[in-house]
Amino acid sequence: MLKHFRMLADYNRWANVQVYNAAADLSDAEFNENRGAFFGSLHGTLNHLLIADRLWMHRFNGAGEVPASLDVVLHYDLEGLHAAREAEDRNIIVWVETLDADALAADITYTSILRPGAITVPLHVAVSHMFNHHTHHRGQCHMILTSMGKPSLVLDLLHFLRSEGRHWM
């Protein structure tokens, strides 16, 4: 499971690069246009993913700032958001490298922004959720881009493993 999570952290970084590279080809108006995704625009969706990662990483290791809501704007421009995304992806990779089997098996207790009360789950479940959450919202990013007539992104894990991620096989 440790190797699997390390692979997912690397894949997550790689997939984020693909989305941000595609976003760089958009005008500011396109980047901010509400396209009907849960967080509206590509900007809103990428911003939300950064918020969620900061929340999860704070829950996991107690470090970093905790956003007050799931839709607070962390950066209004693509450049600022991109720089923060790269830093967060590095933080995730470094943190995953510190894990061992005992840590993954241990419970984590946290409080959700959306519902009061403590939630307790095994750490491996919470880490799985964090990576799955990314996949879900990157799918929305893909939908936003293709609905604008932009090229379809290849974000499959197996594509990553056959290209940049060969060392995980």
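The table below lists the values:
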{"item": "Those residues of region 38-73 which are among the hydrophobic types (A, V, I, L, M, F, W, C) and not in a helix (DSSP H, G or I), in sequence order", "result": "PHE38, PHE39, ALA63, VAL66, ALA68, LEU70, VAL72, VAL73"}
{"item": "Subset of region 133-158 [assigned to a helix (DSSP H, G or I) and over 14 Å from ASN12 (Cβ atoms)]", "result": "GLN140, HIS142, MET143, ILE144, LEU145, THR146, SER147, LEU158"}
{"item": "Selected residue [within 26 Å of MET169 (Cβ to Cβ) and open to solvent by 50 Å² or more (accessible area, probe 1.4 Å)] from ARG90, ARG59", "result": "ARG90"}
{"item": "Per-region count, region 87-121, residues more than 26 Å from LEU74 (Cβ to Cβ), without any contact (Cβ under 8 Å) to a residue 12 or more places away in the chain and in a helix (DSSP H, G or I)", "result": "1"}
{"item": "Matching residues, region 33-48, being under 19 Å from MET130 (Cβ atoms) and open to solvent by 20 Å² or more (accessible area, probe 1.4 Å)", "result": "PHE38, PHE39"}
{"item": "Odd one out for SER128, checked against (1) over 23 Å from LEU78 (Cα atoms); (2) hydroxyl-bearing (Ser, Thr, Tyr); (3) more than 15 Å from the chain's Cα centre (by Cα)", "result": "(3)"}
{"item": "Residue in region 17-32 that is most open to solvent (accessible area, probe 1.4 Å), counting only those that are outside any helix (DSSP H, G or I) and touching a residue at least 60 places away in the same chain (Cβ under 8 Å)", "result": "ASP25"}
{"item": "Criterion violated by LEU99 - all others in (1) out of contact with any Asp or Glu (no Cβ under 8 Å at 6 or more places or on another chain); (2) open to solvent by less than 30 Å² (accessible area, probe 1.4 Å); (3) under 21 Å from THR45 (Cα atoms) satisfied", "result": "(3)"}
{"item": "Lone qualifier among ASP71, ASP100, ASP89 - being more than 18 Å from the chain's Cα centre (by Cα) and not β-branched (Val, Ile, Thr)", "result": "ASP100"}
{"item": "Pair list, Cβ < 6 Å and 6+ apart or interchain, from region 39-60 residues that are within 17 Å of ARG138 (Cα to Cα) to residues that are surrounded by fewer than 21 Cβ atoms within 10 Å (Cβ to Cβ) and among the basic types (Lys, Arg)", "result": "none"}
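The values are calculated or read from the model by the stated rules, or taken from the named source; none is laboratory data. Bear in mind that the values here come from a model prediction, so they are computed numbers and not experimental data. Methodologically, a virtual Cβ is constructed for each residue, glycine included, from the backbone with ideal geometry; neighbour enumeration extends over all protein chains shown. Remember, those area values only see protein heavy atoms, side chains included, never the ligands or the DNA or RNA. Shrake-Rupley method; radii C 1.70, N 1.55, O 1.52, S 1.80 Å.
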